[in-house]
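Structure record follows, encoded as structure tokens.
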Amino acid sequence: MTTQVNPVAARPTPTPVQPDSQHPSNPAGPPGPARDPATSAGRPSTVRRRRRLGPGRPIPFGAALGPLLLLAVWSLGSLTGVLDERTLSAPWTVVTTSGDLIASGRLQESLLVSTQRAGLGLAFGVLNGTVLALIAGLSRWGEAVIDGPVQIKRAIPALALLPLLILWLGIDEQMKIVTITLGVFVPVYIHTHNGLRTIDQRYVELAEALRLRPGRFVRRVVLPGALPGFLLGLRFAVVSAWLSLVVVEQINSTSGIGYMMELARQYGQTDIIIVGLVLYGILGLLSDGAVRLVQRRALSWRRTLAD
């Protein structure tokens with residue numbers, strides 16, 4: 001019996017040839033990362049670092065760089081004679097005068113009186129501004145009654161009210177503290193009120209869904225939401241307190257840094273005037289730095305360009 005053989009079935013099946021992906025001339029190889037000719041030749045390749053956007057890393061002691069540069073320019077101008085000693089005393093003259101004032105006790109006494117005035121005015125202003133901002137921010141009726149007069153006061157400088165305050169309160173300590181308070185509470189109110197109005201509505205809806213009581217709602221939602229605006233307003237407030245203090249202490253005052261400067265003006269003592277100005281600047285810089293430190297600690301959960 002003869003067996004029939006199918007020629008197609010008997011033909012051996014060719015094994016598919018896998019393309020050599022390592023051969024550079026093989027176009028059928030799988031796509032891979034492009035090779036640097038310098039690397040393949042044994043030379044290290046230069047990797048470009050991605051440039052970071054933003055201000056960059058913090059500079060150590062960067063806050064002191066500007067004042068030190070200003071001091072250097074001042075010293076250079078005094079050494080070269082560009083700055084006349086009768087117009088602007090040299091830094092070393094100011095240091096010597098400060099030592100004399102400290103030795104006599106005048107500087108400590110004036111600093112204590114001025115700090116008390118600024119502290120009382122700042123405390124009353126921050127308290128009044130915060131309370132008014134909470135009332136206006138949490139109530140439409142409160143906003144209708146409070147916001148308008150505060151905006152009017154914002155348009156009128158506190159120093160423009162001095163003649164009226166002198167007529168009402170005289171020239172005693174009460175007038176000085178009220179003037180500082182009026183200059184402080186406006187920035188606190190403006191920024192705290194803005195912080196309240198910009199709280200995300202979803203947090204309010206969540207508090208309503210959880211049926212939080214008004215007191216707990218204020219503690220858990222309102223105060224944390226308004227904290228960034230309040231701290232920003234506080235930075236403006238401490239500067240406004242020192243600015244207002246400079247003016248009120250030069251109006252029929254008998255104590256304080258401003259009185260010391262006004263007395264020096266009458267006798268043409270430029271060095272004492274510069275001592276008072278430098279002292280005001282240092283106090284303002286230190287108080288602003290303290291608020292910025294509190295701001296950084298209290299708002300450590302935020303990631304900003306300053307980080």
| remark: Note on residue 172: of the conditions (1) under 30 Å from residue 259 (Cα atoms); (2) in contact with a helix residue (DSSP H, G or I) (Cβ under 6 Å, 6 or more places away or on another chain), unmet is (2)
| What residue, among those in the stretch 244-268 that are small (Gly, Ala, Ser) and either in contact with a His (Cβ under 8 Å, 6 or more places away or on another chain) or closer than 16 Å to residue 171 by Cα (or both), is surrounded by the most Cβ atoms within 10 Å (Cβ to Cβ)? | 244
| remark: If we ask which residues in the stretch 194-216 are in contact with a helix residue (DSSP H, G or I) (Cβ under 9 Å, 6 or more places away or on another chain) and either among the small types (Gly, Ala, Ser) or surrounded by 18 or more Cβ atoms within 10 Å (Cβ to Cβ) (or both), their number turns out to be 3
| Residue that is surrounded by the most Cβ atoms within 10 Å (Cβ to Cβ) [pool: residues in the stretch 77-88 that are without any contact (Cβ under 8 Å) to a residue 40 or more places away in the chain and under 19 Å from residue 281 (Cβ atoms)] | 78
| residue 102 of a type in the set (A, V, I, L, M) and closer than 25 Å to residue 269 by Cβ | yes
| task | Could you tell me which numbered condition residue 238 fails, if it satisfies all but one of (1) surrounded by fewer than 16 Cβ atoms within 10 Å (Cβ to Cβ); (2) assigned to a helix (DSSP H, G or I)? | result | (1)
| said: Which condition from (1) β-branched (Val, Ile, Thr); (2) crowded, with 16+ Cβ neighbours inside 10 Å; (3) not in a helix (DSSP H, G or I) is the one that residue 273 breaks? | reply: (3)
| What do you reckon, is residue 117 in contact (Cβ under 8 Å) with a residue 60 or more places away in the chain, surrounded by fewer than 16 Cβ atoms within 10 Å (Cβ to Cβ) and in contact with a Gly (Cβ under 8 Å, 6 or more places away or on another chain)? | no
| query | Does residue 206 satisfy the criteria of being more than 22 Å from residue 233 (Cα to Cα), in a helix (DSSP H, G or I), in contact (Cβ under 8 Å) with a residue 40 or more places away in the chain and over 25 Å from the mean Cα position of the chain (by Cα)? | reply | no
| note | When residue 164 is run through (1) touching a residue at least 12 places away in the same chain (Cβ under 8 Å); (2) closer than 27 Å to residue 255 by Cβ; (3) part of a helix (DSSP H, G or I); (4) of a type in the set (A, V, I, L, M), the failure sits at (1)
| said: Condition (residue is of a type in the set (Val, Ile, Thr) and touching a Gly at 6+ places or on another chain (Cβ under 6 Å)) applied to the stretch 144-156: is it met by at least one residue? | reply: no
| query | Condition test on residue 146, is it among the hydrophobic types (A, V, I, L, M, F, W, C), closer than 17 Å to residue 196 by Cα and either modelled with pLDDT of 95 or more or in a helix (DSSP H, G or I) (or both)? | reply | yes
| field | Scan of the stretch 152-161 for residues that are in a helix (DSSP H, G or I) and under 14 Å from residue 244 (Cα atoms), ordered by number | value | 158, 159, 160, 161
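Can you give me the ranges of the helices (runs of 4 or more DSSP H) entirely in the stretch 1-110 with at least 1 residues that are at pLDDT below 85?
7-10, 37-40, 65-80
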| request: From (1) surrounded by fewer than 16 Cβ atoms within 10 Å (Cβ to Cβ); (2) closer than 26 Å to residue 55 by Cβ, pick out the condition that doesn't hold for residue 291. | output: (1)
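The values are calculated or read from the model by the stated rules, or taken from the named source; none is laboratory data. Given the structure is predicted, the values throughout are model-derived calculations rather than measurements. Quick reminder, even Gly has a Cβ in these numbers, built from the backbone with ideal geometry, and neighbours come from all protein chains shown.
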